[in-house]
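Report on the structure given below.
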Amino acid sequence: MDLLLFNPTGIFMELIPTQVNILPTIIEPTYFANGKKAVSFLIKNRKIYLAIYRLLSCFLWIFDKGKGAAFMVKAVPKLKKKYDVAIDYNGQQILYYMVEKVHAEKKISYFHSDYLKWPFYKNADRKYYKLVSSIVTVSDECVESMKKVFPEYTDKIYCIENINSEKTVNLFPLNSNTFQDDFDGVRIVTVGRVCKDKGIDLVFEALDKLLNDGYKVRWYMVGPVTDEEFCQECRIQYGGCAELIFLGATNNPYDYMRNADIIVHPSRFEGKAVAIEEAKILRKPVVATNFSTVNNQLVDGETGLIVEMNGNAVYEGVKKLIDNQELADYIIAKQKEICRGNEEEIKKLYWLMEKGK
């Protein structure tokens, strides 16, 4: 088994089994970064050929995101080896790369969100989905969403949930001094990209209300800031929020989650949020917004709280858990009772790999 990573970094690198062959990086990882950052880096490092491709892809992206992404992969080298099965785990430009540059008897593509909420690559995806054997998404709701957008591919759209393993989560060590501060109030943690899509504005508003009400809380954002301009607008609107701590990307987000009192997931849309599944495995009270697939992950008032998609509702949900320890304890007890890992999902992927042989 070969594994191709366009950016071979992250918390799971050390957990990749030794029998998996990690292929050498075939292109400068920054090529896939934000357009401005990528072009600037490539020019600075005299990779002019790649900079031109990236610049042209950005121009096309303005008019058609799919065409921009498809053009971008033209500069990425082909894989010479022939495979029985190729799987792209990200979709869009990685899908386009797999179809055009990887020789395999069978090709499987993943899409991890609600397609009706993310239709920007629809025209290109329709063209490339025609050339794959199976399309995988991560919840029944996401399957129905994709079937509405691509009815012609109904027979090859499947659900394989994101795999969450209690064993894997618990491989990461617990550090009792994770936050490195002497704060003794309520610690709230949100894990994910920091941007509007993931609800950073709802975090600012909810925290502002909690502090104005006199609650002793501190909110930690664990993940990269991918929309600094929008974050700055929120800082100006809500006066900075001194108790909002940006920790950036980390090699062990589970440590922060284990030491949190409450986990909040204020996303505007998801396929199936891994952070929610991990919070349940770690037995933490969760507050999540009512994105389209949330009911596939939480039972409101049982395994977490589901609130409306606005800052005041997030505030009310967090406040409810702070004020009602009995409710928080009940949610944790329910998680212990019914929330387990779902490692069995991998068998569905094996079935797709064997299907039609």
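The values are calculated or read from the model by the stated rules, or taken from the named source; none is laboratory data. Keep in mind the model is a prediction, meaning the values are calculated, not measured. Because the Cβ atoms are built from the backbone with ideal geometry, glycine has one as well, and the counts that use them run over all protein chains shown. Heavy atoms of the whole protein, side chains included, go into the accessibility calculation; ligands, DNA and RNA do not. Shrake-Rupley method; radii C 1.70, N 1.55, O 1.52, S 1.80 Å.
Among the residues of region 1-27, the one identified as acidic (Asp, Glu) and at pLDDT 90 or above is Asp2.
Of the residues making up region 57-90, not one is touching a strand residue (DSSP E or B) at 6+ places or on another chain (Cβ under 6 Å), open to solvent by less than 10 Å² (accessible area, probe 1.4 Å) and either modelled with pLDDT under 95 or part of a loop (DSSP other than H, G, I, E, B) (or both). Any residue that is in a helix (DSSP H, G or I) and either under 30 Å from Tyr110 (Cα atoms) or of a type in the set (D, E, K, R) (or both) - is there at least one of those in region 298-314? Scanning region 298-314, I find no residue that is in a helix (DSSP H, G or I) and either under 30 Å from Tyr110 (Cα atoms) or of a type in the set (D, E, K, R) (or both), so the answer is no. State whether the residues of region 262-279 include one that is closer than 20 Å to Leu210 by Cα, at pLDDT below 90 and either touching a Phe, Trp or Tyr at 6+ places or on another chain (Cβ under 8 Å) or open to solvent by less than 10 Å² (accessible area, probe 1.4 Å) (or both). There is no residue in region 262-279 that is closer than 20 Å to Leu210 by Cα, at pLDDT below 90 and either touching a Phe, Trp or Tyr at 6+ places or on another chain (Cβ under 8 Å) or open to solvent by less than 10 Å² (accessible area, probe 1.4 Å) (or both). Would you confirm, using the coordinates I've provided, whether Glu337 is under 22 Å from Asn170 (Cβ atoms), touching a residue at least 40 places away in the same chain (Cβ under 8 Å) and surrounded by fewer than 22 Cβ atoms within 10 Å (Cβ to Cβ)? So Glu337 does not fit the description; no. When you check Val99 against the structure, is it surrounded by 16 or more Cβ atoms within 10 Å (Cβ to Cβ), over 22 Å from the mean Cα position of the chain (by Cα) and either of a type in the set (A, V, I, L, M, F, W, C) or part of a helix (DSSP H, G or I) (or both), yes or no? It is true that Val99 is surrounded by 16 or more Cβ atoms within 10 Å (Cβ to Cβ), over 22 Å from the mean Cα position of the chain (by Cα) and either of a type in the set (A, V, I, L, M, F, W, C) or part of a helix (DSSP H, G or I) (or both). All told, Asp201 meets the bar of being open to solvent by less than 70 Å² (accessible area, probe 1.4 Å), closer than 30 Å to Gly91 by Cβ and among the charged types (D, E, K, R). Within this structure, Val217 passes the test of being within 17 Å of Ile188 (Cα to Cα) and modelled with pLDDT of 90 or more. Name the residue that is most open to solvent (accessible area, probe 1.4 Å), counting only residues in region 122-140 that are closer than 11 Å to Tyr96 by Cα and not charged (D, E, K, R). If we take residues in region 122-140 being closer than 11 Å to Tyr96 by Cα and not charged (D, E, K, R), then Leu131 is most open to solvent (accessible area, probe 1.4 Å). Applying the condition of being part of a loop (DSSP other than H, G, I, E, B) and hydrophobic (A, V, I, L, M, F, W, C) to region 18-56 and asking which residue is farthest from Tyr121 (Cα to Cα) yields Val20.
Rundown of residues vs (1) of a type outside the set (Phe, Trp, Tyr); (2) at pLDDT 95 or above; (3) buried (at least 21 other Cβ atoms within 10 Å of the Cβ); (4) in contact with a His (Cβ under 7 Å, 6 or more places away or on another chain), yes/no style:
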{"residue": "Lys148", "(1), (2), (3), (4)": "yes, yes, no, no"}
{"residue": "Asp155", "(1), (2), (3), (4)": "yes, yes, no, no"}
{"residue": "Ser165", "(1), (2), (3), (4)": "yes, no, no, no"}
{"residue": "Thr168", "(1), (2), (3), (4)": "yes, no, no, no"}
{"residue": "Asn177", "(1), (2), (3), (4)": "yes, no, no, no"}
{"residue": "Gly192", "(1), (2), (3), (4)": "yes, no, yes, no"}
{"residue": "Asp227", "(1), (2), (3), (4)": "yes, no, no, no"}
{"residue": "Gln232", "(1), (2), (3), (4)": "yes, no, no, no"}
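Of all the criteria given as (1) open to solvent by less than 90 Å² (accessible area, probe 1.4 Å); (2) without any contact (Cβ under 8 Å) to a residue 24 or more places away in the chain; (3) under 22 Å from Gly185 (Cβ atoms), the one not satisfied by Ile332 is (2).
For the condition open to solvent by 30 Å² or more (accessible area, probe 1.4 Å) and either in contact (Cβ under 8 Å) with a residue 12 or more places away in the chain or not aromatic (Phe, Trp, Tyr) (or both), Asp184 qualifies.
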